[in-house]
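Report on the structure given below.
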Amino acid sequence: MIPSGPEFGEDIEYEDRQRSYTLLLASLPMLDGWKPTAEPQDLDTIAQNRIGAMELGEYEIGHSVEGWIGDPGRKLREYRFRFNNARKALIRDALVSLIDAIDADAPSGPWQGQTLSQGLAWIRKFGTRCGST
């Protein structure tokens, strides 16, 4: 989407994606007090910064400009990484709680003396805790 060199002009598809990205950022919840704030720049601003870096002839400045252009994508990937880790932790915590509850309710030792209906009742209770009926 972003030209590799300095180009001025309009790109309606890029502008629409830029607006969509801004809406996406606004809708993201904070994760541990953080969410991305870097937004994609318009193509004219990108072109002006690339021309400025080329005029100065400094590799580091050109590299810095390219990093600035890619920053929104990097921040969104970091958010996705943090989101996936938070989701895994939530699932893990829920499973540990469920396993602890099942262990507390499960009959200890062999099922000797248990009737079939008592065993089935416990299995139904286990299924309910897992979310099935």
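The values are calculated or read from the model by the stated rules, or taken from the named source; none is laboratory data. It should be emphasised that the depicted structure is a prediction, and the values quoted were computed from it without experimental measurement. When we count neighbours, we look across all protein chains shown, and the Cβ atoms used for this are built from the backbone with ideal geometry, even at glycine.
Summary table below
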| read-out | value |
| --- | --- |
| Test result for D32, under 30 Å from A86 (Cβ atoms), at pLDDT 85 or above, surrounded by 12 or more Cβ atoms within 10 Å (Cβ to Cβ) and out of contact with any strand residue (DSSP E or B) (no Cβ under 7 Å at 6 or more places or on another chain) | no |
| Any hit, the stretch 87-106, residues being among the hydrophobic types (A, V, I, L, M, F, W, C), modelled with pLDDT of 90 or more and more than 30 Å from K125 (Cα to Cα) | no |
| Residue among G119, G113 that alone is modelled with pLDDT under 80, part of a helix (DSSP H, G or I) and either on the phi > 0 side of the Ramachandran plot or surrounded by 10 or more Cβ atoms within 10 Å (Cβ to Cβ) (or both) | G119 |
| T37 being modelled with pLDDT of 85 or more, outside any helix (DSSP H, G or I) and surrounded by fewer than 15 Cβ atoms within 10 Å (Cβ to Cβ) | yes |
